[in-house]
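K.L.:
Structure provided below as structure tokens; questions to follow.
The values are calculated or read from the model by the stated rules, or taken from the named source; none is laboratory data. As the structure is a prediction and not an experimental result, all values here were calculated from the model. Here Cβ is always computed from backbone atoms with ideal geometry, including for glycine, and neighbour counts include all displayed protein chains.
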Amino acid sequence: MTTHRVALAAGGTAGHVYPALAIARAFRELAEPVQPVFIGTGDGFEARIVPRNGYALHAVAAAPLFGVGLAAKVRAGGTLCLGIVQARRVLRAQRVDMVLGLGGYASASAVLAGWSLGLRTAVHEANIEPGLTNRFLARFADRAYVGFEATRHGFPRSKVVVTGNPVRPDVAADTAPRRPPPGGRPFRVLVTGGSSGAPFFNAHVPGLLEGVARCGLRVEVRHQTGDCDIEGVQRRYAAAGIPAAVNSYIDDMADVYRWADFAITRSGAATIAELAASGLPALLVPLPTAAWDHQTANAVAFAHTGSGSWVSEHDWQPERLAERIARLLHDACAWQAASCAAQRFAPRDAARTLVAECIAVLNGH
């Protein structure tokens with residue numbers, strides 16, 4: 001039986017890498033053998049996480065091409081050309097049959113290298129509003145896979161397929177409907193700004209949750225800070241009288257999603273897909289520097305379903321937000337409705353759906 005080799009090009013942040021790892025696992029669960037090959041950068045999140053999960057990472061040069069100034073574009077153009085040359089070598093050496101770009105700067109080099117070699121190629125767009133890089137790459141791709149029906153408009157109709165957004169298997173595996181938080185214990189709040197943390201959360205969320213406590217709720221917290229200000233965040237929670245476990249990075253996110261009753265997070269596509277899979281109501285605070293403000297579109301879509309609410313950093317009003325969170329946590333029926341709405345927001349089987357689509361492309365369909 002022929003073993004297909006599919007290159008998964010992703011990097012930069014956890015939001016790109018964990019979906020790639022979920023797809024790799026789904027490939028390995030097929031009866032038809034498929035060997036995943038990872039392409040990324042040597043200094044991104046993938047350089048640490050991909051080898052930890054048992055895969056070799058093939059590093060290529062990469063830099064942002066869109067959303068930067070003219071001088072940076074010129075430098076990035078040279079880096080992109082170098083990355084394409086390096087990716088071509090990897091694809092040939094690994095005898096790759098198909099390239100799937102999942103975001104991050106290395107995705108462009110790998111997809112264009114695959115196209116130049118006559119390989120099957122595809123991109124996956126996880127956000128509600130498609131980015132310029134994937135819009136550009138879709139011109140060279142056989143398929144454009146998207147996370148949401150609303151994203152179809154950004155790609156040629158003949159190429160686009162709605163697959164959903166893959167989430168890590170340990171998060172997707174917990175399919176049971178969640179129950180409202182039981183009485184007699186503190187409400188559990190997860191605070192995370194993603195793999196890099198969020199200085200805004202580190203500075204402002206302890207005060208917000210102190211306001212929730214003043215509304216009559218006992219609260220305990222798991223807070224992921226990123227590599228900065230851990231001691232400062234611990235002091236802020238201690239001053240507020242709130243028990244908090246503060247870490248630079250949380251490895252066991254599936255367990256923490258199950259532990260939590262509520263989340264305060266950014267609104268990257270991977271984050272809201274994991275919130276949906278976990279049925280976890282949330283307050284979303286979009287990253288204001290995200291390219292083309294795509295996190296706001298994600299947050300609006302998530303909140304529109306009733307899965308939670310969103311606020312911009314500019315409109316942050318801690319007293320009003322504390323009252324909003326307290327009302328939700330106090331009301332078991334409202335919390336249950338938000339949890340169920342979150343679980344309906346995104347499919348859990350996106351990784352298997354996407355893998356089946358890739359196999360169809362490899363088989364000429």
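K.L.:
Against the conditions (1) in contact with an Asp or Glu (Cβ under 8 Å, 6 or more places away or on another chain); (2) not hydrophobic (A, V, I, L, M, F, W, C); (3) not in a strand (DSSP E or B), where does Arg188 fall short? Just the number, please.
P.N.:
Result: Arg188 fails condition (3) only.
K.L.:
Can you tell me which residue among Ala93, Ala14, Ala9 is of a type in the set (Gly, Ala, Ser) and farther than 25 Å from Pro169 by Cα? Break it down into steps so the answer makes sense when it comes.
P.N.:
Working: Ala14 fails: farther than 25 Å from Pro169 by Cα; Ala9 fails: farther than 25 Å from Pro169 by Cα.
Testing whether each residue is of a type in the set (Gly, Ala, Ser) and farther than 25 Å from Pro169 by Cα leaves just Ala93.
K.L.:
Would you be able to tell me the number of residues in region 198-232 that are closer than 25 Å to Arg327 by Cα and not in a loop (DSSP other than H, G, I, E, B)? Write out each step before concluding.
P.N.:
Of the residues in region 198-232, the ones closer than 25 Å to Arg327 by Cα are 200-224.
Filter again for not in a loop (DSSP other than H, G, I, E, B), leaving 200-214, 219-224.
Of the residues in that region, 21 qualify.
K.L.:
Here's another thing I want to ask about it. Could you check, for region 160-175, whether at least one of its residues is part of a loop (DSSP other than H, G, I, E, B), within 20 Å of the chain's Cα centre (by Cα), surrounded by fewer than 20 Cβ atoms within 10 Å (Cβ to Cβ) and acidic (Asp, Glu)?
P.N.:
Of region 160-175, the ones part of a loop (DSSP other than H, G, I, E, B) are 163-168, 173-175.
Keeping just the survivors that are within 20 Å of the chain's Cα centre (by Cα) gives 163-168, 173-175.
Add one more test, that the residue is surrounded by fewer than 20 Cβ atoms within 10 Å (Cβ to Cβ), and what stays is 173-175.
Narrowing further to those that are acidic (Asp, Glu): 174.
Checked region 160-175: at least one residue is part of a loop (DSSP other than H, G, I, E, B), within 20 Å of the chain's Cα centre (by Cα), surrounded by fewer than 20 Cβ atoms within 10 Å (Cβ to Cβ) and acidic (Asp, Glu).
K.L.:
Between residues in region 236-254 that are over 21 Å from Leu208 (Cβ atoms) and residues that are surrounded by fewer than 19 Cβ atoms within 10 Å (Cβ to Cβ), which pairs lie under 6 Å by C-beta distance while being six or more apart or on different chains?
P.N.:
Ala254/Asp170
K.L.:
Please determine, by comparing only the residues of region 311-356 that are surrounded by 17 or more Cβ atoms within 10 Å (Cβ to Cβ) and touching a Phe, Trp or Tyr at 6+ places or on another chain (Cβ under 7 Å), which one is nearest to Ala176 (Cα to Cα).
P.N.:
Top of the filtered list is Phe345.
K.L.:
May I ask you to say which residue of Gly15, Gly44 is of a type in the set (Gly, Ala, Ser) and touching a helix residue (DSSP H, G or I) at 6+ places or on another chain (Cβ under 7 Å)? Don't jump to the end; show me each part of the working.
P.N.:
Working: Gly44 fails: touching a helix residue (DSSP H, G or I) at 6+ places or on another chain (Cβ under 7 Å).
Result of the check over Gly15, Gly44: Gly15.
K.L.:
In region 228-269, what residues are among the small types (Gly, Ala, Ser) and in contact with a Lys or Arg (Cβ under 9 Å, 6 or more places away or on another chain)?
P.N.:
Initially, region 228-269 is screened for residues among the small types (Gly, Ala, Ser), giving 232, 238-241, 244-245, 248, 254, 260, 263, 267-269.
If the condition is that a residue be among the small types (Gly, Ala, Ser) and in contact with a Lys or Arg (Cβ under 9 Å, 6 or more places away or on another chain), then Ala244, Ala245, Ala254, Ala260 are the ones that fit.
K.L.:
For region 283-292, indicate whether the set of residues that are in contact (Cβ under 8 Å) with a residue 40 or more places away in the chain and more than 15 Å from the chain's Cα centre (by Cα) is non-empty. Steps first, please.
P.N.:
Filtering region 283-292 down to residues in contact (Cβ under 8 Å) with a residue 40 or more places away in the chain leaves 283, 285, 287, 291-292.
Subset that is more than 15 Å from the chain's Cα centre (by Cα): 283, 292.
For region 283-292, residues in contact (Cβ under 8 Å) with a residue 40 or more places away in the chain and more than 15 Å from the chain's Cα centre (by Cα): present.
K.L.:
Just to check your reading of the model, which residue among Ala63, Ala47, Ala108 is closer than 19 Å to Cys358 by Cα and either outside the structural domain of Tyr249 (by TED's automatic domain parsing) or basic (Lys, Arg) (or both)?
P.N.:
Details: Ala63 fails: closer than 19 Å to Cys358 by Cα; Ala47 fails: closer than 19 Å to Cys358 by Cα.
Only one candidate passes the filter, namely Ala108.
K.L.:
Specify the residue that is nearest to Leu280 (Cα to Cα); the eligible residues are those in region 126-178 that are of a type in the set (S, T, N, Q) and touching a residue at least 24 places away in the same chain (Cβ under 8 Å). Spell out the reasoning first.
P.N.:
So the first thing to find is which residues in region 126-178 are of a type in the set (S, T, N, Q), and the list is 127, 133-134, 151, 158, 163, 165, 175.
Applying the additional criterion that residues be touching a residue at least 24 places away in the same chain (Cβ under 8 Å) yields 127, 133-134, 151, 163, 165, 175.
Details: Asn127: 19, Thr133: 31, Asn134: 29, Thr151: 23, Thr163: 22, Asn165: 17, Thr175: 12 Å.
Ranking the qualifying residues of region 126-178, first place goes to Thr175.
K.L.:
From Thr225, Thr192, grab the single residue that is closer than 28 Å to Ala332 by Cα, of a type in the set (S, T, N, Q), surrounded by 18 or more Cβ atoms within 10 Å (Cβ to Cβ) and touching a residue at least 12 places away in the same chain (Cβ under 8 Å). Before the answer, list the steps.
P.N.:
Values: Thr225 fails: closer than 28 Å to Ala332 by Cα.
Testing whether each residue is closer than 28 Å to Ala332 by Cα, of a type in the set (S, T, N, Q), surrounded by 18 or more Cβ atoms within 10 Å (Cβ to Cβ) and touching a residue at least 12 places away in the same chain (Cβ under 8 Å) leaves just Thr192.
K.L.:
Of everything in region 22-67, what is in a helix (DSSP H, G or I), of a type outside the set (Lys, Arg) and farther than 22 Å from Gly83 by Cα? Give them in sequence order. Quick ask: steps written out before the conclusion?
P.N.:
To start, the set of residues in region 22-67 that are in a helix (DSSP H, G or I) comprises 22-28, 46-52.
Checking the rest, the ones that are also of a type outside the set (Lys, Arg) come to 22-24, 26-27, 46-47, 49-51.
Passing the criteria: Ala22, Ile23, Ala24, Ala26, Phe27.
K.L.:
In this structure, does His204 turn out to be surrounded by fewer than 22 Cβ atoms within 10 Å (Cβ to Cβ) and modelled with pLDDT of 95 or more? Before you say what the answer is, go through the steps one by one.
P.N.:
Details: surrounded by fewer than 22 Cβ atoms within 10 Å (Cβ to Cβ): yes; modelled with pLDDT of 95 or more: yes.
Answer is yes for this residue.
K.L.:
Quick one: Ala245 ticks every box in (1) over 19 Å from Phe187 (Cα atoms); (2) modelled with pLDDT of 95 or more; (3) of a type in the set (A, V, I, L, M) except a single one, so which number is it?
P.N.:
With (1) over 19 Å from Phe187 (Cα atoms); (2) modelled with pLDDT of 95 or more; (3) of a type in the set (A, V, I, L, M) applied to Ala245, the lone miss is (1).
K.L.:
Which of the helices (runs of 4 or more DSSP H) found entirely inside region 276-365 contain at least 3 residues meeting this: outside the structural domain of Ala20 (by TED's automatic domain parsing) and on the phi > 0 side of the Ramachandran plot?
P.N.:
Working: elements: 294-304, 318-330, 332-345, 350-362.
Where helices (runs of 4 or more DSSP H) fall fully within region 276-365, none carries at least 3 residues being outside the structural domain of Ala20 (by TED's automatic domain parsing) and on the phi > 0 side of the Ramachandran plot.
K.L.:
Out of all the residues in region 52-64, is one or more surrounded by fewer than 20 Cβ atoms within 10 Å (Cβ to Cβ) and either hydroxyl-bearing (Ser, Thr, Tyr) or over 30 Å from Tyr249 (Cα atoms) (or both)?
P.N.:
Yes, there is a match, as at least one residue in region 52-64 is surrounded by fewer than 20 Cβ atoms within 10 Å (Cβ to Cβ) and either hydroxyl-bearing (Ser, Thr, Tyr) or over 30 Å from Tyr249 (Cα atoms) (or both).
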